[in-house]
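The values are calculated or read from the model by the stated rules, or taken from the named source; none is laboratory data. Keep in mind it's a predicted model, so treat the numbers as computed, not measured. Surface areas here come from the heavy atoms of the whole protein model, side chains and all, with no ligands, DNA or RNA. Shrake-Rupley method; radii C 1.70, N 1.55, O 1.52, S 1.80 Å.
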Amino acid sequence: MYSTLIETAQLADLLGMPGLVVLDCRFDLKHPEAGLEAWRESHIPGAHYAHLDDDMASAPDEDSGRHPLPAIDALATRLGAWGIQADSQVVVYDDAGGAIAGRMWWLLRWSGHSSAALLNGGWPKWTREGRPVSDDMPSESEVFYAASPQEDLWLTTAAVVDALDQDQVQLIDARAPERFSGQHEPLDAVGGHIPGSLNLPFQENLDENGCFKPPEALRQRFESLADDPRPVCHSCGSGVTACHNFLAMAHAGLEPGRLYVGSWSEWIRDPSRPIATGNT
């Protein structure tokens, strides 16, 4: 069973096997239905579509970030509708180096499902290699998925505030440097970052072909975190791309820590919370 990454050749060998569930997670933040439209046109055979806003998050409110956690019962219902059972091998993919599919991977782990892997290289590598595609519309299932939420995998804003006040957390920000510094903020109302956080852009987990770097290279990237006794907590704009760093650490054989689900978009909801700009 695969639990972090799966290669295109490995998935090709599994296609059609009982127990395999593939989820297409392509999504464009500026065009929320573009991923669904792309899936309808062509996808890996048998793949269901997982929508970031509808399936991987609940509706935001005035206090939350842009992508709050889905209710665990709602998530379990969706997992069951996709045919996922306790012994299923789930594979998730997107066309953005895992930036979106990483959130689905993390949600599966949060729900208690460890046999979930992200397709390394995603849709671009799959199609570049000429592997099979389809426009089939797989039917939904009536399988019951018994979720077992792992609540030690994430932190609320209140918990992050307390941990920062006590210097009991390493907060890692996965956003691009220009967003972290506050020089350019295309999605949220305020630019900058949470004071004390470290900028490790998720894009640097990938090589020039859009695939994850080897575990050895990822270990080198995150080794300074392993030497710090404080636990790691991953953040980003809305708790989506932060999952990429979480996955990279897990694939490197490191303790990946926790996810700050609310991330920057929730942090700035309260104007009394401190904001830092610049590169530190």
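Give me the extension gain from LEU187 to ALA12: residue separation times 0.36 nm, minus the current Cα-Cα distance, reported in nm with one decimal.
59.4 nm
Plugging the Kirkwood radius over Cα pairs into Stokes-Einstein for the chain, at a temperature of 20 °C and a viscosity of 1.002 mPa s, what D comes out in µm²/s?
Working: Rh = 19.0 Å.
For the chosen part, D equals 113 µm²/s.
Once each part is reduced to its C-alpha centroid, what is the distance from segment 174-247 to segment 1-42 in angstrom?
24 Å
Largest first and in whole Å, give the semi-axes of segment 235-280's equivalent ellipsoid, each being the square root of 5 times a Cα gyration tensor eigenvalue.
With the √(5λ) rule applied to segment 235-280, the semi-axes are 24, 12, 8 Å.
Over 5 Å intervals from 0, what percent of Cα-Cα pairs in segment 36-145 sits in each interval?
2, 12, 20, 25, 21, 13, 6, 2, 0, 0
Provide the per residue accessible area, probe 1.4 Å, for segment 208-280, rounded to a whole number of square angstrom.
Each residue of segment 208-280 exposes 44 Å² on average to a 1.4 Å probe.
Using alpha carbons only, how many degrees (0 to 90, rounded to 10) separate the axis of helix 101-110 from the longest principal axis of the chain?
80 degrees
Once you sort the root eigenvalues of the Cα gyration tensor of segment 111-168 as a ≥ b ≥ c, which label holds: rounded (a/c under 1.5), prolate (a/b larger than b/c) or oblate (the other case)?
oblate
What does the convex hull of the alpha-carbon atoms of segment 177-280 project to on average, in nm²? Spell out each step's value before the answer.
Working: hull surface 27.1 nm².
With the hull built on Cα positions only, its mean projection is 6.8 nm².
Per the Debye formula with a single identical scatterer at each Cα and no solvent contribution, what log10 I(q)/I(0) holds for segment 83-192 at q = 0.10, 0.14, 0.15, 0.24 Å⁻¹?
-0.49, -0.87, -0.96, -1.31
So with the 1.4 Å probe, I'd like the accessible area per residue for segment 146-191, rounded to whole Å². Write out the running numbers ahead of the final one.
Numbers: 2310 Å² over 46 residues.
For segment 146-191, the solvent-accessible area averages 50 Å² per residue.
From the P(r) of segment 74-125, could you give the percentage of C-alpha pairs in the tail past 15 Å?
Taking all Cα-Cα pairs of segment 74-125, the fraction more than 15 Å apart is 44 percent.
Helix-only estimate, please: 222 nm mean residue ellipticity of the chain, summing -39500 (n - 2.57) across DSSP H runs of length 4 or more and dividing by its residues, to the nearest 500.
Numbers: 10 runs with 83 residues, N = 280.
Calculated mean residue ellipticity at 222 nm is -8000 deg cm²/dmol.
Heavy atoms only, probe 1.4 Å: what % of the accessible area of the chain goes to carbon and sulfur, would you let me know?
With neighbouring chains kept in place, the figure for the chain is 49 percent.
Given the Cα-Cα distance of ALA276 and GLN166 and 0.36 nm per residue of separation, how much length would full extension add, in nm?
The ALA276-GLN166 span can extend by a further 37.8 nm.
Using the 2.2 N^0.38 Å rule of thumb for compact globular proteins, work out how segment 9-96 stacks up: its C-alpha Rg over that value, please. Provide the component values of the computation, followed by the final result.
Details: Rg = 14.1 Å, N = 88, 2.2 N^0.38 = 12.1 Å.
In units of the globular-protein estimate, segment 9-96 measures up at 1.17.
Per residue, how much accessible area does segment 1-98 have with a 1.4 Å probe, in Å²?
Here the per-residue accessible area is 43 Å².
At q = 0.23 Å⁻¹, what log₁₀ I(q)/I(0) does a Debye calculation on the Cα points of segment 147-224 give, no solvent, two decimals?
Cα-only, vacuum Debye calculation for segment 147-224: -1.14.
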